[in-house]
Structures are given as structure tokens and as C-alpha cells.
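The values are calculated or read from the model by the stated rules, or taken from the named source; none is laboratory data. The structure displayed is predicted, hence computed values, not measured ones. Neighbour counts run over all protein chains shown; Cβ positions are idealised from the backbone, glycine included.
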Amino acid sequence: MAATDKLHRWLDLLAALLRRRYPARFSDLRRDVPGYDLDGVKEESILRMFERDKDELRELGVAIETMPPDPEGVVAYRLKPGDFYLPLLSVCETAWPLQAELRQVPRDAPRRPTGIGFQELPVLSLTPDECLALRRAAARVRGLGHPVLASDAASALRKLQFDLADFSGDLPAAATPPGGTSAGGTSTVDGGAFDVLGDALALRKLVRFAYHSMGRDQVGLRTVAPYGLVFLTGHWYLVARDVEADALRQFRVSRIREAAMTNTKRQHPDYDIPADFDLSRHATSRQAWELGDGDLLEVIVVFTGTSGTVTQGLALGEPVDTGANADHAAETAAAVGHPPATPRRFRVRRADPFLRWVLSFAGEARPVAPPPVVDAWQRLLAETRAAHRAAATPEATA
């Protein structure tokens, strides 16, 4: 039977249920559904067709109730309008409604549509502040850079504008090129990349793509096993195992191009996600120096002083085990004229933002290991001193 025939039956059945205020037997519904009145078809086949239609509509979220049998043993069915239609929307004139927001409106209210079922629907009253919040929320969703979410936000606003004649929810047109940065500060991504990554996650398929590494400022091919997608600090990231490096990495989706599954056969997965993998841990907010795909370094920083800023810095690091690292940190701190203080370990992928953060402690923190990071720290100090001296010259202040 054609799909259009089934759709017609569904629509006729829904209309037959909604027009009745009381439960109806199948024999009553059958008169209103032409698809159940077929010549030459056995009664048992018609009843099975009705049961299938009813079950499929329920799977779609239609709350068709089966009532207890009556004294004659006959079952009836009911679909409440309030369980099928969304509430009607209105905007109250004051900043806050005087009564409950979800309430009945008189049946003769000018904004209530006429027709079957609408008389029983409640009305959801929105305050002007709530309307503004909805517009801002839609703009924020669009600013996430996901094309599907942006389309959903625009569709939701069109629905609100249809119900609320005085609701202004227009969103500015996005004029950001693929991979660029939107007005909200987030990076836009290629919708095709999201589709490929989503399918690969569902099917557990390896993905190959071209990736622009900001740390190396190079574009290279990566083959990864996707573990999950997270939205973090204004950007979408793919958490995946880099096959070549055999290590877990985070890839900014806006830098991914030409993504494709290496094996399109859907029968068997290419990999398994470890049982101890926790995606929520990767979705937590991170510091700028922890992001990226650079090599992971363990940097030891010694903090001195007891200010609140130092306390906050200590909380971001990990305690250093007593032993060689702690002894080296204390000896290095003493050698440069600072009393031994509290060392902390930081896991760093991007040294530049990390060292600039350490610089903000104005002498109450300094890296002491490993040597390459200490050398970079000394260069940063020299450049900073030179910049301050240049700014303090009479020529600069004239």
C-alpha cells in the first residue's frame, strides 16, 4: 500500500479522534476514516490495520489513549486536544503576568483560532522580557556555528512570529565565510564535516581529513577514531584518537576540511571506544594553554607569596610529588634569589599563552622546568622589559 494512503488514514483518524469530546469505539471511528471502509477486505484485516496505525502514531508521540472496556467489553479510544496541540501563545502587556502563565483564555477571545480542539487549549502568556530572552537565545544558538542548529533556531522564530503577530524575532543574516569567526566570537564550521563526523561516531568508523594546526601553522592529513563532539570556549571540538600518534587529541571542527570515512561499509565498526572514556571530562572548561594539538608538556611553576591571585593559580595546578621534581624546583627557586615556595605541575600544549598567564603574577610565579620552557620564559621577560623601557622613553610619551 502506498505511503500516501497510510498518511491519509492517519490524518483522517486524528481528525476523527479530535472532533470528539468523549472516547469513541472503533466502529464509530471507522465511519470517519475512508481507509477503513474497503470493499472485499475482511473485518480482521481492517482491525489489524487500525491497530498498526494507532501504534505507529503513538511511536511518533501522538498520545492516543485506550480506555478501559465498557460493561459490554468494548474498548474505546481518546485523543485529548491538550495532549496533541501545543499551547496557544500570547504576549501579556505588563512585565509580569498577574496570574499563572499557563491558563485558560475565554473561548471568545479574539486571538483564539476556531476549529476542532482549539476550544480546549490553554494559552501560554509570554512577558516582553521573555520574548527578548527568546530572541537572544536564538541568536546565541545561531552563533554556535552549527548550520543545523542555526536552521532550527530560525524555524523556531518563524513559529513564534506566526503565533505572535507582535513578536519580532528576526536574526541578522550570517555573512561569515566557512571557517571564519561569527559576530559572537565563535568559529563557523562546515556542515558537511558535522554530517561525516556524526555518521562516523554512530557507526564507529575511522575518518580522514585535512587539518590546519595553528601551533605549527601547517595543513596535514589526519586519520582519527572519533570519540565525541563537545562545545568548549566558543568552539566545536572533535575528541578522537589520532591513529598515527596513537594518542587522544582534540581537533577544532572549524579547521577540519575534506572529512570522509575511510571505510563506508556499515556492517562492522572499525574501533571501540574504551569503557573508561568520559566525554564529559573533555567538555569541561579548560585553560587556553590546554587546548590544541601540540605535544603535551609537564611544566613546573613555583609560586611565592600569599595573595588571592597566587591562591587561585595554585588551585589550577597539580601538587608536585616529593622527590626529584620538587627538590629541583626548590633549588632553582633559591638559586635565582627567591625563597622556596609551593611548586605546581601544569599540563601545557601551548606554551605562549601559558607563559603570558604566568607573567600576570608580577614576579610571584615563575616556571622552573623543563629547560625549553624556562628559556622561553627568559626571552619573554626580556621582550617585556624592552617594551616597557621603549614605552617609558621621552619620545614615546611626547
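Listed conditions (1) at pLDDT below 90; (2) in contact with a helix residue (DSSP H, G or I) (Cβ under 9 Å, 6 or more places away or on another chain) are all met by residue 279, apart from (2).
Note on the stretch 1-59: residues that are closer than 12 Å to residue 77 by Cα and assigned to a loop (DSSP other than H, G, I, E, B) total 4. Answer with yes or no whether residue 59 is modelled with pLDDT under 90, closer than 29 Å to residue 86 by Cβ and either among the hydrophobic types (A, V, I, L, M, F, W, C) or surrounded by fewer than 13 Cβ atoms within 10 Å (Cβ to Cβ) (or both). It is true that residue 59 is modelled with pLDDT under 90, closer than 29 Å to residue 86 by Cβ and either among the hydrophobic types (A, V, I, L, M, F, W, C) or surrounded by fewer than 13 Cβ atoms within 10 Å (Cβ to Cβ) (or both).
When the stretch 62-76 is examined, which residues are found to be under 18 Å from residue 6 (Cβ atoms) and at pLDDT 90 or above? Selection gives 64 alone. Taking the numbered list (1) at pLDDT below 90; (2) in a loop (DSSP other than H, G, I, E, B) in turn, residue 205 passes all entries but (1). If you go through the stretch 254-274 and keep only what is free of Cβ contacts under 8 Å to residues at least 40 places away in the same chain and closer than 14 Å to residue 202 by Cα, you end up with 265, 267, 268. Just one of the listed residues (358, 373) is aliphatic (A, V, I, L, M), touching a Leu at 6+ places or on another chain (Cβ under 7 Å), part of a helix (DSSP H, G or I) and modelled with pLDDT of 80 or more, and it is 373.
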